[in-house]
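Have a look at the structure below, then the notes.
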Amino acid sequence: MPSLRRYLLVRLIFKLLMAIIILTFLFFLFCFFPDEPLGGPEQKKPLLYQYVGYFVALLSGDWGRSALTQRPVLDEILEGFPATLELSISSLLVAFTLGLTLGVWSARKGWKGFDLLSEVDVLPVFWLGMLLQMALGVKAGILPVSGRVSPLMEPQHITGLYLIDSILTLSLASLWDAFRYIFLPSLTLGIGLSGVFYKLIKGGLLKTLKMDFIKALKARGIPEDRIFYRHALKSALLSVLAKHNLIFALLFSGVILIEVTFSWPGVGNLLVKRIVCKDFLAVQGILVFYTVLILIFGFTFDLIRVVIDPRVRCGEEGHLLELGSFPLTLRGLVKRKVSTFVAMAILLVFLVLFALAPLIAPYDPIASVGPLLSPPTRGFIMGTDHLGRDLFSRVVWGGRTALTVAFLSALLSTSVGLALALISGLVGGVLGRIITTIMDSLYYLPALVLAIALALALGAGIGGVSLSIAIVHTPVYFRVTKERLEALGTLGASDWMTLRLYILKEVFPYLLAKLPSSLADAILIKTALSFSGVGVSPLIADWGADLYNAHGFILQDKWWMVLYPGLMVALLTLGFKLLGEREG
């Protein structure tokens, strides 16, 4: 078994290489931003000089000054980081508690009633937060809907984490106040992430319980409860730890959206505010900060994992998408149960609705045609927004926008991912290793962080957003495609035989089966981009933009502005997710 020191050295070198690749990628994206790149006013100097200055600025902490506040960008980021960290930790605790409790119960009792929890990711997390704000904050009035603490209730600053600082200073009033403010944001994000923990824990338990060593323990007469909790559950929890990169990527994407939703004064909220104000130097610094943060957390949990389970030193870290978790095959699609028909019914209704949009929508979706903020009436069945636009017309035309972006991004990402995997797998050598390293590096970035950087560089509009989402998804297709190619190579197939078998018997069925899940993810990312201020043009009907506008009217209880666009996102995404479920 390799020594711990050698293993950690290899992992550290790998993380540093990933950092250089990702930061280099961001540097070239920043060159397209409508502002000077991070590192100073050196745009007219040679590119190599700018590149060196960029890394010098990163290492020295001189990330420039915000155009809005004239404060150092790094100071503003570090000021908001404790709030982001506190929300992240509390959300993870909620998600893990829900996922563990329901996953153990479901696996222990053999009950599938909680499996719907695995589909909770069809809900845009910020939309779920807005619904909870209206229900528990505006309607019931029992919880605050924005901010981090009441005026004059901020605890003495020690760690910057208000709950911890309140405990350390023995201030029960501050502790209760901070808890009330963090409850809704952490509950919202915790629910959004709980499906991941539920699937990992339940799947790990069911897989472990079928292993030979479990059967041997049962044959020795060891009580089933002891086998379940001491052996099977331990193995399942190790499988959760093995997916820490996936969990942190989802966490940081979600935190950005939740901070905006609840006006939580963290780094994610700062990012969106600077995007809206076009303070691009600050945006660059925040994107770099998230990149460095995810790499630091990744290495830290690599260390924790190898200490807890030394067996990982003997093999690779493992991929986040194993061969066994592929979507269903074409044959499996035909044999699917009720969920397939439910999905097809949902999608059929939506496709007909969107195809006939010019006939169904009664008004121009971007024209002011009625009173401002009118609730649903006979003339406006979904009400109107703050500009007097008909929400029903916007919902119908917004569906066209969502499907256009989703299909364009899916086509681009599958084509490019397949091409790069074939080049890397068949050509090999230095070129193959370079492609693989770049794809692996981009794969570990939070999807929303990478998508925001790409959308800012490529510009607004359907084309720019579609290309941004396609680039985000390309590493996923590259990895699973390359794994299939390598699997065929280990069976002794020649290059031509590999290509023939791979293209005809593996790729086309897989891509078609994978398409629904990819479309669902693309719709969610597109909606999140629009909610973050970097979506399609304001002249185009868009669900995410409608939700962004609705967010400003939550306290006025304009529920129809929140309900209908978010419901369309959830239903359409659910239809694609159900259609793309894997067998079993």
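Multiplying the sequence separation of residue 45 and residue 119 by 0.36 nm and subtracting their Cα-Cα distance, what value in nm do you get? Walk me through the numbers before you get to the answer.
Working: separation 74, 0.36 × 74 = 26.64 nm, distance 5.06 nm.
Full extension of this stretch gives 21.6 nm more.
Whole-Å semi-axes of region 330-579's equivalent ellipsoid, largest first, each the root of 5 times a Cα gyration tensor eigenvalue?
Largest first, region 330-579 gives 40, 21, 13 Å.
Would you mind ranking 130, 439 by Cβ crowding within 10 Å, fewest neighbours first?
439, 130
So if each residue of separation counts as 0.36 nm, and I subtract the Cα-Cα distance between residue 62 and residue 415, what length gain in nm does that give?
Going from the current span to full extension adds 123.1 nm.
Between residue 557 and residue 353, 0.36 nm times their residue separation minus their Cα-Cα distance comes to what?
Numbers: separation 204, 0.36 × 204 = 73.44 nm, distance 2.83 nm.
Stretched fully, the residue 557-residue 353 segment lengthens by 70.6 nm.
What percent does the relative contact order of region 330-579 come to when contacts are Cα pairs within less than 8 Å and at least six residues apart?
RCO, region 330-579: 27 percent.
Using a Förster distance of 56 angstrom, determine the FRET efficiency expected from the C-beta separation of residue 276 and residue 230, and round it to 0.05.
0.60
Working from the pairwise distances between different alpha carbons, so that the mean of 1/r is found and then inverted, what is region 130-201's Kirkwood radius in Å?
Working: mean 1/r = 0.0742 Å⁻¹.
For region 130-201, the Kirkwood estimate is 13.5 Å.
Over region 78-278, what is the mean sequence separation of C-alpha contacts under 8 Å (at least six apart), divided by residue count, expressed as relative contact order in percent?
34
According to a simple spin-label model (label point 7 Å from Cα along Cα-to-Cβ), what is the distance in nm between residue 427 and residue 111?
5.5
Treat the count of other C-beta atoms within 10 Å as a stand-in for reagent exposure and order 224, 119 from fewest to most.
Result, fewest neighbours first: 224, 119.
Report the FRET efficiency, 1/(1 + (r/R0)^6), for residue 238 and residue 437, where r is their Cβ-Cβ distance and R0 is 35 Å, rounded to 0.05.
Numbers: r = 27 Å, r/R0 = 0.77.
Calculated transfer efficiency: 0.85.
Using a 7 Å offset from the Cα along the Cα-to-Cβ direction at both residue 179 and residue 89, what is the distance between the two label points in nm, to one decimal?
For residue 179 paired with residue 89, the spin-label model returns 1.6 nm.
Taking R0 as 60 Å, what FRET efficiency do you get between residue 360 and residue 97 from their Cβ-Cβ distance, rounded to the nearest 0.05?
For residue 360 and residue 97, the calculated efficiency is 0.85.
Kirkwood hydrodynamic radius, region 78-278, all distinct C-alpha pairs: what's the number in Å?
18.5 Å is the Kirkwood radius here.
What nm value, rounded to one decimal, do you get for the distance between residue 386 and residue 156 when each label is placed 7 Å out toward the C-beta?
Modelled inter-label distance: 4.2 nm.
Take the eigenvalues of the Cα gyration tensor for region 399-447, scale each by 5, and report the square roots as semi-axes in whole Å, largest first.
In descending order, the three semi-axes are 27, 14, 5 Å.
Distance between Cα centroids, region 352-389 to region 85-101: provide it in whole Å.
40
Using a cut-off of 12 Å between beta-carbons, work out the net charge of the residues near residue 102 (Lys and Arg +1, Asp and Glu -1, residue 102 not included).
Local charge sum for residue 102: +4.
What is the chain's relative contact order, in percent, from Cα pairs under 8 angstrom and six or more apart in sequence?
Across the chain, relative contact order equals 19 percent.
Check residue 65: other-chain or 5+ apart residues with amide H under 5 Å from its amide H, H built from backbone geometry?
Result for residue 65 returns 73.
For n ≥ 4 DSSP H runs only, could you compute -39500 (n - 2.57) per run for the chain, divide by its residues and tell me the 222 nm figure to the nearest 500?
Roughly -22000 deg cm²/dmol at 222 nm, from the helical runs in the chain.
Could you line up 526, 558, 112, 199 from fewest to most neighbouring Cβ atoms inside 10 Å?
112, 199, 558, 526
For a quick check: with amide H placed at 1.01 Å from N, whose amide H comes under 5 Å from residue 537's, ignoring anything fewer than 5 positions away on the same chain?
Residues meeting the amide H criterion: 461, 462.
Values in this text are rule-based calculations from the coordinates and carry no lab data. What you are looking at is a predicted structure, and each value in this text was computed from that prediction instead of being measured. Positions of Cβ are generated from backbone atoms using ideal geometry, with glycine treated the same way; all protein chains shown enter the neighbour counts.
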